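No lab work stands behind these numbers, since they all come straight from the coordinates. This is a predicted model, so every value here is computed, not measured.
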Amino acid sequence: MISTKKTAQDILQEELLKERIAVLTRASERLVQALDSLKGIEAEIEADLAALEAPDAGSDRPEPHSRQRTKRIAGINEKIAKFNSMREHAELRMYYLIVTREALGLRRHQRIEEFYRIPPKKRRMGDG
């Protein structure tokens with residue numbers, strides 16, 4: 001007859017494995033949250049850019065140096081700064097995930113970097 005009773009060693013190994021999984025899950029979830037925030041900010045920037053390029057009411061094309069356009073560009077630049085700041089946060093979260101993986105003995109990270117792609121930094125807009 002085979003005994004199915006777990007030894008203290010088995011229970012400890014199982015608990016350690018569960019904790020390793022939990023640590024990796026938390027690290028990857030935090031990276032996903034940062035990437036989701038980036039996507040949201042990027043969507044706002046794209047919508048603002050589309051509105052900026054749309055002609056004003058009663059006009060066939062946008063007025064290049066109007067006060068409203070200058071305000072819109074300033075708003076877009078604020079969102080670009082927010083995007084770039086969140087991008088740095090996402091890079092930090094990626095670093096934490098990789099360090100966590102290495103601490104747990106996982107050495108290959110290429111697939112992680114491919115799966116969790118961090119978009120490039122955005123450049124500020126000029127006035128005109």
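A few comments on the model shown:
- Nearest-ten-degree value, helix 67-103 long axis tilted from longest Cα axis of the chain: 10 degrees
- Nonlocal amide H pairs with Leu104, under 5 Å, H built at 1.01 Å: none
- Against the chain, whose longest principal axis comes from its Cα atoms, helix 8-53 is set at around 10 degrees.
- Its alpha carbons considered, the chain gives a radius of gyration followed by a Dmax of 23.8, 89 Å.
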